[in-house]
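S.K.: Below is one structure. I have some questions about it.
The values are calculated or read from the model by the stated rules, or taken from the named source; none is laboratory data. Since this is a predicted model, take the numbers as computed values, not measurements. FYI the Cβ positions are ideal-geometry reconstructions off the backbone, even for glycines, and counts take in every protein chain you see. Accessible surface is based on the protein model in full, side chains and every heavy atom, while ligands, DNA and RNA are left aside. Shrake-Rupley method; radii C 1.70, N 1.55, O 1.52, S 1.80 Å.
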Amino acid sequence: MMSMELVLSDEETDDVIGSNHIVGSVSMAGKILGSIIIKLSEKFSKIVAAAMLGIEVDNIEGAEEVKDVVNEVCNIVGGSLKSNFCDAGLICELSPPSFITGTDFKIESLNTDRHESYTFTYQEHKISVIVGVKISEGAENDQVFNFKQLDPLDPEALQDFDIKSHTSKSLIDVFDSMLSMQLVLSEDTPEIKIDAESIAGSVSFIGPLMGSINLIVSKKFSRGITSSMLGMDDNEKVEEDEIKDVINELCNIVGGNLKSKFCDAGMMCELSTPSFTAGSDFIIESKNMTRRELFVFHKNDETVYVEIGLRSAEVMKKKLDEDNVDENMPES
């Protein structure tokens, strides 16, 4: 599609991309759970976008064109892997792609049993592909959804659903019962501010209802949360793996509670495995969401952000179909 011959490299994946980079990822849910993460530098992302669009790099007008192309690459690579899983009887579905951009961050998938990392080179550029997967716990007794048998999502149900009350109740209850911390929902106009080391845990909703939820806290607060969750003394050192485990648990609890409420309202979905992002300069976003919500919670001077983006699978399919029609239209 881009006339670029990639070469599989023996280099380690970490830290080969450079400082300014973009990460695209898709999650899988069904009999297989996991994610596919694709990393490339900002410079190479523009070269790839220009090649895909058939234009010069200097004619790239902005970040949205680059994200559209990375979106397409994620869908193609993820879709190919999904098809192979389905052919092997491991029925699954993909989430919409999400993007992380910035100058200082690392991302990894959590709670997977098989983890593969690959680095490819093109001239002096590198691109990394990281795959983490596991078999769903309900796969052996067919408790996971057969996506093709599910009814399409009612758009009005999505717009009418009270996300604010369900999300705030779930998060406040978890912090109260498991951490003995009292969170307060802010009524101010919400805005995410990452001006220090921060931690983000993310899970995707996959099915007739598609989307994601991101839970973002400062690294300092993540240590306090972890210490409280594990019953540690104030003078005990908190390890990064312990932080990951606790953020993983919080994402699964809050995301799982919200998933149950969605399903009770007829908006069926499965939950992906979490991903973990850490750094001092990054933005997480998903394209083409029909409903977005951002809630801000406070505990004294600490802040918890909960960002949610949702859309129906039918909207996603329609967008993909329109993109394919546009690509196949003859030039006038």
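S.K.: Show the residue pairs meeting these rules: Cβ distance below 9 Å; 6+ apart or different chains; first residue within the stretch 182-196 and closer than 24 Å to Ala278 by Cα; second residue open to solvent by 90 Å² or more (accessible area, probe 1.4 Å) and of a type in the set (Lys, Arg).
M.R.: Ala196/Lys220
S.K.: Additional query: What number of residues within the stretch 253-272 satisfy the criterion of being under 22 Å from Asp160 (Cβ atoms), part of a loop (DSSP other than H, G, I, E, B) and not hydrophobic (A, V, I, L, M, F, W, C)?
M.R.: Residues meeting the conditions: 1.
S.K.: Of everything in the stretch 59-81 that's open to solvent by 60 Å² or more (accessible area, probe 1.4 Å) and in contact with a Lys or Arg (Cβ under 9 Å, 6 or more places away or on another chain), which residue is modelled with the highest pLDDT?
M.R.: Going through the qualifying residues, I end up with Asp68.
S.K.: In the stretch 118-171, what count of residues is obtained for those that are assigned to a helix (DSSP H, G or I) and touching a residue at least 24 places away in the same chain (Cβ under 8 Å)?
M.R.: Of the residues in that region, 12 qualify.
S.K.: Search the stretch 252-272 for residues that are of a type outside the set (A, V, I, L, M) and open to solvent by 50 Å² or more (accessible area, probe 1.4 Å) and pair each with any residue that is part of a helix (DSSP H, G or I) and modelled with pLDDT of 95 or more when their beta-carbon atoms are under 7 Å apart and the residues are at least 6 apart or on different chains.
M.R.: Asn257/Ser170; Lys261/His166
S.K.: Another question about this same structure. Restricting to the stretch 236-251, name every residue that is open to solvent by less than 50 Å² (accessible area, probe 1.4 Å) and either of a type in the set (D, E, K, R) or not in a helix (DSSP H, G or I) (or both).
M.R.: Val238, Lys244
S.K.: Only one residue in Glu108, Glu93 is among the acidic types (Asp, Glu), within 18 Å of the chain's Cα centre (by Cα), surrounded by 21 or more Cβ atoms within 10 Å (Cβ to Cβ) and under 22 Å from Asn248 (Cα atoms). Which one?
M.R.: Exactly one residue qualifies, and that residue is Glu93.
S.K.: If you check Ser260, Ser186, Ser218, which single one turns out to be at negative phi, of a type in the set (S, T, N, Q) and in contact with an Asp or Glu (Cβ under 9 Å, 6 or more places away or on another chain)?
M.R.: Ser218
S.K.: May I ask you to say which residue of Glu108, Glu11 is in a loop (DSSP other than H, G, I, E, B), in contact (Cβ under 8 Å) with a residue 60 or more places away in the chain and among the charged types (D, E, K, R)?
M.R.: One residue alone meets the criteria, Glu11.
S.K.: Can you name the condition, by its number, that Ala139 falls short on among (1) at pLDDT below 90; (2) open to solvent by 40 Å² or more (accessible area, probe 1.4 Å)?
M.R.: Only one criterion in (1) at pLDDT below 90; (2) open to solvent by 40 Å² or more (accessible area, probe 1.4 Å) is unmet by Ala139, namely (2).
S.K.: What do you reckon, is Asn84 on the phi > 0 side of the Ramachandran plot and surrounded by fewer than 21 Cβ atoms within 10 Å (Cβ to Cβ)?
M.R.: Answer is no for this residue.
S.K.: Please verify whether Thr103 is surrounded by fewer than 18 Cβ atoms within 10 Å (Cβ to Cβ), within 27 Å of Lys244 (Cβ to Cβ) and of a type in the set (Val, Ile, Thr), treating the condition exactly as stated.
M.R.: yes
S.K.: Just to check your reading of the model, which residue among Ile91, Ile76, Ile32 is closer than 30 Å to Val144 by Cβ and touching a Ser or Thr at 6+ places or on another chain (Cβ under 9 Å)?
M.R.: None of the others qualify; the one that does is Ile32.
S.K.: Quick check on the stretch 154-196: of everything there that is at pLDDT 90 or above and of a type in the set (Asp, Glu), which residue is farthest from Phe297 (Cα to Cα)?
M.R.: Asp160
S.K.: Keeping to the stretch 273-301, report how many residues are of a type in the set (S, T, N, Q), open to solvent by less than 30 Å² (accessible area, probe 1.4 Å) and part of a strand (DSSP E or B).
M.R.: Residues flagged as of a type in the set (S, T, N, Q), open to solvent by less than 30 Å² (accessible area, probe 1.4 Å) and part of a strand (DSSP E or B) within the stretch 273-301 amount to 3.
S.K.: Which is of a type in the set (Asp, Glu) and more than 25 Å from Asp104 (Cα to Cα), of Glu56, Glu61? Before the answer, list the steps.
M.R.: Working: Glu61 fails: more than 25 Å from Asp104 (Cα to Cα).
On inspection, the qualifying residue turns out to be Glu56.
S.K.: Please enumerate the residues belonging to the stretch 192-235 that are open to solvent by 40 Å² or more (accessible area, probe 1.4 Å), in a helix (DSSP H, G or I) and within 24 Å of Ile100 (Cα to Cα).
M.R.: Of everything in the stretch 192-235, those that are open to solvent by 40 Å² or more (accessible area, probe 1.4 Å), in a helix (DSSP H, G or I) and within 24 Å of Ile100 (Cα to Cα) turn out to be Lys219, Lys220, Arg223.
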